[in-house]
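Undergrad: I'd like to ask you about the structure that follows.
The values are calculated or read from the model by the stated rules, or taken from the named source; none is laboratory data. Since we're looking at a predicted model, the values are computed, not measured. Don't worry about glycine lacking a Cβ; one is built from the backbone with ideal geometry, like all the others, and counts go over all protein chains shown.
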Amino acid sequence: MEKLLIINGHPDKKSFCFALAESYKKGADSSGAECKLVHLIDLQFNPILTYGYRVVSELEPDLLQMQQDIQEATHLVMVYPNWWGTYPALLKGFIERVFLPNFAFKYLEKSPLPAKLLKGKTARLIVTMDTPKWYYWLINRSPGHNSMKIGILEFSGFKPVKISSFAGIRNSNDAKRKKWLEEVEELGKELK
């Protein structure tokens, strides 16, 4: 049985990302998958990796639970807005505190590349933004997508990592948002 973990990285509970995360979960639940939805704003943790990797920071209970949930999941879904080309500070802080050496990757003595410790898992990014998709890709070179997909998830072993971008959020109307919610619910049904 597929085991899905949905992480909503938007800090505002009234955001469209919350609705997208709920739609994905609704679809996944209807497929019979085991599915857990976590809103990062509900977790209690310090998002600052205070000492970098020089000193190991003790993980709060919520972060220990999230590490367990990530290890047990077969498919990870991350829902978040694109802010300043990447993702909110809350999500960045979560990644820095959770995707640690010896959890997400392991340094190897005789290799410049670390071992990927989260292999065998797939992922989907659901990203909202105001920037047009073509502009984000052509002019900005998709920094947030590249960072999350290549620099974090694939670096840790997730493959494939697929991306669904929803652009023009600020000026979207109810009909457009309803269509996007239905599209995301369908992704959940298909466990993609």
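Conditions tested, residue by residue: (1) assigned to a helix (DSSP H, G or I); (2) touching a Gly at 6+ places or on another chain (Cβ under 8 Å); (3) among the hydrophobic types (A, V, I, L, M, F, W, C); (4) surrounded by 18 or more Cβ atoms within 10 Å (Cβ to Cβ).
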{"residue": "68", "(1), (2), (3), (4)": "yes, no, no, no"}
{"residue": "79", "(1), (2), (3), (4)": "no, yes, yes, yes"}
{"residue": "87", "(1), (2), (3), (4)": "no, yes, no, yes"}
{"residue": "108", "(1), (2), (3), (4)": "no, no, yes, no"}
{"residue": "158", "(1), (2), (3), (4)": "no, no, yes, yes"}
{"residue": "163", "(1), (2), (3), (4)": "no, no, yes, no"}
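Undergrad: Then there is this: Within the range 96-104, can one find any residue that is part of a helix (DSSP H, G or I), under 25 Å from residue 25 (Cβ atoms) and modelled with pLDDT of 95 or more? Step through it out loud before you land on a result.
TA: So in the range 96-104, the residues part of a helix (DSSP H, G or I) come out as 96-98.
From what's left, under 25 Å from residue 25 (Cβ atoms): 97-98.
Now narrow it down to the ones that are modelled with pLDDT of 95 or more: 97-98.
Within the range 96-104, one or more residues are part of a helix (DSSP H, G or I), under 25 Å from residue 25 (Cβ atoms) and modelled with pLDDT of 95 or more.
Undergrad: Check the range 121-138 and report whether any residue there is loosely packed, with under 12 Cβ neighbours inside 10 Å and either of a type in the set (S, T, N, Q) or in a loop (DSSP other than H, G, I, E, B) (or both). I'd like the intermediate steps shown before the answer.
TA: The first filter runs over the range 121-138 and keeps only residues loosely packed, with under 12 Cβ neighbours inside 10 Å, leaving 134-135, 138.
Still in the list and also either of a type in the set (S, T, N, Q) or in a loop (DSSP other than H, G, I, E, B) (or both): none.
Looking for residues that are loosely packed, with under 12 Cβ neighbours inside 10 Å and either of a type in the set (S, T, N, Q) or in a loop (DSSP other than H, G, I, E, B) (or both), one finds none in the range 121-138, hence no.
Undergrad: For the range 107-157, give me each residue that is of a type in the set (Lys, Arg) and closer than 23 Å to residue 3 by Cβ.
TA: First pass over the range 107-157, keeping only residues of a type in the set (Lys, Arg): 110, 116, 119, 121, 124, 133, 141, 149.
116, 119, 121, 124, 149 - these are the residues of the range 107-157 that are of a type in the set (Lys, Arg) and closer than 23 Å to residue 3 by Cβ.
Undergrad: Pairs please, first residue from the range 79-101 and on the phi > 0 side of the Ramachandran plot and free of Cβ contacts under 8 Å to residues at least 60 places away in the same chain, second anywhere and surrounded by fewer than 17 Cβ atoms within 10 Å (Cβ to Cβ) and in a loop (DSSP other than H, G, I, E, B), Cβ atoms under 8 Å, 6+ apart in sequence or on different chains.
TA: Correct list of pairs: 85/140.
Undergrad: Inspect the range 21-42 for any residue being within 18 Å of the chain's Cα centre (by Cα), closer than 21 Å to residue 124 by Cα and of a type in the set (Phe, Trp, Tyr) and give the result as yes or no. Steps first, answer last, please.
TA: Step one: of the range 21-42, the residues within 18 Å of the chain's Cα centre (by Cα) are 21-28, 34-42.
Right, trim to closer than 21 Å to residue 124 by Cα and you get 21-28, 34-41.
From what's left, of a type in the set (Phe, Trp, Tyr): 24.
Yes, the range 21-42 contains at least one residue that is within 18 Å of the chain's Cα centre (by Cα), closer than 21 Å to residue 124 by Cα and of a type in the set (Phe, Trp, Tyr).
Undergrad: Further question: Out of the range 35-77, which residues are within 15 Å of residue 12 (Cα to Cα) and out of contact with any helix residue (DSSP H, G or I) (no Cβ under 6 Å at 6 or more places or on another chain)? Please lay out each step first, then the result.
TA: At the first step, the residues of the range 35-77 found to be within 15 Å of residue 12 (Cα to Cα) are 38-43.
38, 39, 41, 42 - these are the residues of the range 35-77 that are within 15 Å of residue 12 (Cα to Cα) and out of contact with any helix residue (DSSP H, G or I) (no Cβ under 6 Å at 6 or more places or on another chain).
Undergrad: I'd like to know if the range 161-173 contains one or more residues that are hydroxyl-bearing (Ser, Thr, Tyr) and touching a Lys or Arg at 6+ places or on another chain (Cβ under 9 Å).
TA: Step one: list which residues in the range 161-173 are hydroxyl-bearing (Ser, Thr, Tyr), which gives 164-165, 172.
So of that shortlist, the ones also touching a Lys or Arg at 6+ places or on another chain (Cβ under 9 Å) come out as 164-165.
Yes, some residue in the range 161-173 is hydroxyl-bearing (Ser, Thr, Tyr) and touching a Lys or Arg at 6+ places or on another chain (Cβ under 9 Å).
Undergrad: Within the range 31-45, count every residue that is assigned to a helix (DSSP H, G or I) and at pLDDT 95 or above. I'd like the intermediate steps shown before the answer.
TA: Keep residues of the range 31-45 that are assigned to a helix (DSSP H, G or I), which gives 31, 40-42.
Going one step further and asking which of them are at pLDDT 95 or above, we end up with 40-42.
Looking only at that region, the number is 3.
Undergrad: Continuing with this model, one more query. Hey, does the range 107-121 have a residue that's in contact with a His (Cβ under 8 Å, 6 or more places away or on another chain) and over 22 Å from residue 19 (Cα atoms)? Working first, answer last.
TA: Start the filter on the range 107-121 by keeping residues that are in contact with a His (Cβ under 8 Å, 6 or more places away or on another chain), which leaves 121.
Going one step further and asking which of them are over 22 Å from residue 19 (Cα atoms), we end up with 121.
The answer is yes; a qualifying residue exists.
Undergrad: Here's a follow-up. If I filter the range 18-35 down to residues being out of contact with any Gly (no Cβ under 7 Å at 6 or more places or on another chain) and among the aliphatic types (A, V, I, L, M), which single residue comes out as surrounded by the most Cβ atoms within 10 Å (Cβ to Cβ)?
TA: 20
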